[in-house]
Amino acid sequence: MPTPPATPRKPAPSSKSSAKKTTAQKPASPFNLITLVKEYGPVVIAVVLINTFAIQAYGVPTGSMENTILIGDHFWVGKFIYGAKIPFTDIRLPGLREVQQNDIVVFVQPRTGENYIKRCVAAGGSTIEIRNKQLYINGQPSPLSSLGKLTGDPLPANVAEPNIFPQYAPFNKDNYGPLYVPKKGDTLALSTQSFTLYKWVLEYEGHKVTLSGGKVYIDGVAQTSYVTKQNYYFMMGDNRDNSLDSRYWGFVPESNIVGSPLIVYWSWNTDISWSNPIERFSSIRWNRIGTTFN
């Protein structure tokens, strides 16, 4: 009987090719959310806490505070100075001090909800008046900041601006007041004459206010007086003739205070388009970086 032909044997794979095959077939490590949270969670939490309660970055889009603050300035704001608010509550943490006259303050504009930065020219309990562009607080002249700006001649005292605060008052931006700024615990006299002045104050404190039949109604009940629950402030821009401020939209409640600017960390000319990056970066204002405010 003939012998069957031998079947050729395949050479055994080398250890090198086996390693390559093993490596190629090794499944990828699955996404591990728990590991990711453990590694980066504390960092994220720390950033959120610092941003919420201590320091937050802000930029300036308008020139209302020139030349104290320039368009394109970016700076850190200290929330701890006046005490940060706990989000979604009316609770404010203890701060280093209250807002004082001449402080530069970041706050939430009460009508629009936007963040603004202005100078507090009058705190609660003070009377503000402007005569031919000269600011007076409690009858005493209050000088403009050394970097502030006044341009043009003053408007005549007998010319009333239609969008001035309070509505229908015979004031303009250059001849304004006298006007008293409420403080916590003040008793406000309510009448048809004072309605447009105090309406916003009562609404900021959570009340519905209406005027009907010559009477002021708070939450549906006729009232002749009201005791304020918080302090109020009068804010103005250092660029006095180019600033929409308390002269036009009224008092800022203490509950809307955010903080005070600390130091400029970046500044450049934001009018230059990103289509010209070289010119944009050449506009960096190195002399502004590190600037503090007063």
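The values are calculated or read from the model by the stated rules, or taken from the named source; none is laboratory data. These numbers were taken from a predicted model, which means no experiment stands behind them. We place every Cβ from the backbone using ideal geometry, glycine too, and count neighbours over all the protein chains shown.
Regarding region 279-293, can at least one residue be identified that is in the same structural domain as Arg111 (by TED's automatic domain parsing), in a strand (DSSP E or B) and surrounded by fewer than 19 Cβ atoms within 10 Å (Cβ to Cβ)? No, region 279-293 contains no residue that is in the same structural domain as Arg111 (by TED's automatic domain parsing), in a strand (DSSP E or B) and surrounded by fewer than 19 Cβ atoms within 10 Å (Cβ to Cβ). Within this structure, Phe281 fails the test of being under 30 Å from Lys183 (Cβ atoms), modelled with pLDDT under 95 and of a type in the set (Phe, Trp, Tyr). The listed residues are Trp266, Trp249, and the only one of them that is in contact with a His (Cβ under 6 Å, 6 or more places away or on another chain) and surrounded by fewer than 20 Cβ atoms within 10 Å (Cβ to Cβ) turns out to be Trp266.
Could you go through region 84-94 and let me know if any residue there is in contact with a helix residue (DSSP H, G or I) (Cβ under 6 Å, 6 or more places away or on another chain) and either over 23 Å from Asn51 (Cα atoms) or assigned by TED's automatic domain parsing to the domain that holds Asp245 (or both). Yes, some residue in region 84-94 is in contact with a helix residue (DSSP H, G or I) (Cβ under 6 Å, 6 or more places away or on another chain) and either over 23 Å from Asn51 (Cα atoms) or assigned by TED's automatic domain parsing to the domain that holds Asp245 (or both). Do we find a residue being in contact with a Leu (Cβ under 8 Å, 6 or more places away or on another chain), farther than 22 Å from Thr112 by Cβ, surrounded by fewer than 17 Cβ atoms within 10 Å (Cβ to Cβ) and in contact (Cβ under 8 Å) with a residue 60 or more places away in the chain anywhere in region 148-167? Scanning region 148-167 turns up at least one residue that is in contact with a Leu (Cβ under 8 Å, 6 or more places away or on another chain), farther than 22 Å from Thr112 by Cβ, surrounded by fewer than 17 Cβ atoms within 10 Å (Cβ to Cβ) and in contact (Cβ under 8 Å) with a residue 60 or more places away in the chain. Kindly indicate the residue of region 56-73 that is assigned to a strand (DSSP E or B) and under 12 Å from the mean Cα position of the chain (by Cα) and also surrounded by the most Cβ atoms within 10 Å (Cβ to Cβ) among those meeting that condition. Ranking the candidates gives Gln56 first.
One line per residue, one yes/no per condition, for (1) acidic (Asp, Glu); (2) within 30 Å of Gly59 (Cα to Cα); (3) modelled with pLDDT under 95; (4) touching a strand residue (DSSP E or B) at 6+ places or on another chain (Cβ under 7 Å):
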site	(1), (2), (3), (4)
Arg119	no, yes, no, yes
Pro143	no, yes, no, no
Gly177	no, no, no, yes
Tyr198	no, no, no, yes
